[in-house]
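As C-alpha cells, the structure follows; a few thoughts come after it.
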Ligand code: XLS
Ligand code: NI
Ligand code: NI
C-alpha cells in the first residue's frame, strides 16, 4: 500500500525532447541503445537515502525546514522512511539506491543494539528490493556524525574508537553483502585534522592504512564480491582530509599495498573543492587504473562549500561521461545522485522534480559523449598529436632502451630544430558545443 507521500504523481515516463511535462523524461529512455548498450546499463542511476530522506534542511545559520512524517528516532519511523524511499526509487524508475547505516536505522544504546536494528531494517529493505527489483549500488558506514568520531574514526588518537569504527564497518559490509550490494564505499569525512598542533600525521596515516587493509582482508574472507571504493574529498567537515583527491589516494593505496584492491568513488563537488574539474579527477583515476563509480552533483562555484546541488549543466556532465566512456564505462560502479534539495524546496514533488532533471541532464550528457566517441570527434586529433611516439626511436626511449647520453648524441646530430605545432584548443572546444 502506498504511503501517499507523493500524492498522485505516477511513474515518470520518457516523452522525448519536445515534452513540456515536468514529470517526464525528455532525454532518458532507459531502453535506448547507445554504443550498443542500453542507456540504463550505461548510467546505472542510484538515489541516495541520506540527502533525500535524512537531511532536515539545516544550514549553518538555520535549523530544520523540512517536515517529514518519518523524522523520529524509532524503528517504526525507519520503516515508514523505507516505504517512502522505495516509492521515490520506483517513481523514478532508477535501478539502484545507496545508504549509510545511520540513514536507515536509529542508533542503539550499544553497538550490538545498533547492529540488531540494522539487520532488522535490512529485512524490510530486502523485501522491498525483492518486490521492486531495485538493487543496492553501495552501502557504507556513517563514521562522522556521532560525537565519538569527532577526532576521526580510523585516524582517531584513541584505539578504542578505531576498533569501534572497524566493528561498525564489518557490520555494514555484512549488510551490504546480504543485500547484494555491488560496492562498499569509504568516505573519511573525519579522517584528517583540524590542527597540526595536536596531530601526529605519520601515526594517523599508518592507522588509516591498517584500517583499509583490515577491510580488504575481510572482503576476501567473507566472500563479498563487490568493489571497495574510497571517496576522495579535500576538506569539509575537517580542515584537511587525507583522501584529498584521486592522485593523493593513489599514492596512499600504493604505499599500503592496496592499489590493486581499492578503486575510487569520485564526486563532482569534491573535485571542485580540491581545485580540480570533475573530468580531471575522472581522467586521473582512469590513467592510474582506479576508476570505480561517481557521486553526481554540482557545487555553487562561489560558495567554496560542498553544496551538493543536483547537476544541471549538460556540458560539464558530457565532459565527465566522455572520460568515463574512454575509461570503458562503469563495471560495478554507477551514477549516484549525492545531491540534496535547497532548503526552501519543501514539497514532496520537489524531490521528484530534482531527480527527474538530474537524470535527464546525465542522459543528455552521456549521449553527447557517446556520439563524440563514436565520431572520434576529439580522439582522432589526440591520436595524431601523439603520432610521433609511435616511431622507432621514440618507442626505444619509452621502453627504457636509451640512456640520457644516447638521446643527447642523437639530438646533436639533427640538421633541423623540431618545430612546435598548434594544440588546437579552441577548435576542440568548438566541437564540444556542437555535440552537447
Ligand atoms: C560527503 C560525501 C558523503 C559520501 C558518503 O561529502 O559525499 O555523502 O558520499 O559517505
Ligand atoms: Ni558523496
Ligand atoms: Ni559530498
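Descriptive notes on the structure:
- Among the residues of the range 205-250, those that are assigned to a loop (DSSP other than H, G, I, E, B) and touching a strand residue (DSSP E or B) at 6+ places or on another chain (Cβ under 8 Å) comprise 224, 226, 231, 232, 233, 234, 235, 238, 239, 242, 243.
- Qualifying residue in the range 94-112 (condition: more than 22 Å from the chain's Cα centre (by Cα), within 15 Å of residue 175 (Cα to Cα), away from ligand 2 (no atom under 16 Å from the Cβ) and assigned to a helix (DSSP H, G or I)): yes
- Matching residues, the range 219-238, being over 27 Å from residue 273 (Cα atoms), surrounded by fewer than 16 Cβ atoms within 10 Å (Cβ to Cβ) and either free of Cβ contacts under 8 Å to residues at least 12 places away in the same chain or within 23 Å of the chain's Cα centre (by Cα) (or both): 220, 221, 225
- Residue 241, sole failed condition from (1) surrounded by fewer than 21 Cβ atoms within 10 Å (Cβ to Cβ); (2) free of Cβ contacts under 8 Å to residues at least 60 places away in the same chain; (3) farther than 30 Å from residue 367 by Cβ; (4) within 16 Å of ligand 2 (Cβ to nearest atom): (1)
- Residue satisfying all of: in the range 183-202; in a strand (DSSP E or B) and within 16 Å of residue 249 (Cα to Cα); farthest from ligand 1 (Cβ to nearest atom) among these: 192
- The lone criterion from (1) in contact with a helix residue (DSSP H, G or I) (Cβ under 8 Å, 6 or more places away or on another chain); (2) closer than 19 Å to residue 189 by Cα left unmet by residue 128 is number (2).
- The range 130-165: number of residues that are buried (at least 20 other Cβ atoms within 10 Å of the Cβ) and either within 24 Å of the chain's Cα centre (by Cα) or part of a loop (DSSP other than H, G, I, E, B) (or both): 16
- The sole residue among 378, 366, 428, 398 that is farther than 17 Å from residue 317 by Cβ, in contact with a helix residue (DSSP H, G or I) (Cβ under 8 Å, 6 or more places away or on another chain) and touching a residue at least 12 places away in the same chain (Cβ under 8 Å) is 428.
- Of the residues examined, residue 277 is one that is surrounded by fewer than 17 Cβ atoms within 10 Å (Cβ to Cβ), in contact (Cβ under 8 Å) with a residue 24 or more places away in the chain and either under 12 Å from the mean Cα position of the chain (by Cα) or more than 16 Å from ligand 1 (Cβ to nearest atom) (or both).
- Here is the figure for the range 300-329: residues that are farther than 15 Å from residue 47 by Cα, under 14 Å from the mean Cα position of the chain (by Cα) and within 16 Å of ligand 2 (Cβ to nearest atom) total 2.
- Scan of the range 27-48 for residues that are surrounded by fewer than 20 Cβ atoms within 10 Å (Cβ to Cβ) and either in contact with a strand residue (DSSP E or B) (Cβ under 6 Å, 6 or more places away or on another chain) or assigned to a loop (DSSP other than H, G, I, E, B) (or both), ordered by number: 29, 30, 31, 32, 35, 36
- The requirement of being within 30 Å of residue 31 (Cβ to Cβ), at pLDDT 95 or above and in contact with a helix residue (DSSP H, G or I) (Cβ under 6 Å, 6 or more places away or on another chain) is satisfied by residue 139.
The values are calculated or read from the model by the stated rules, or taken from the named source; none is laboratory data. As the structure is a prediction and not an experimental result, all values here were calculated from the model. With ideal geometry, Cβ positions are generated from the backbone for all residues, glycine too; neighbour counts draw on all protein chains shown.
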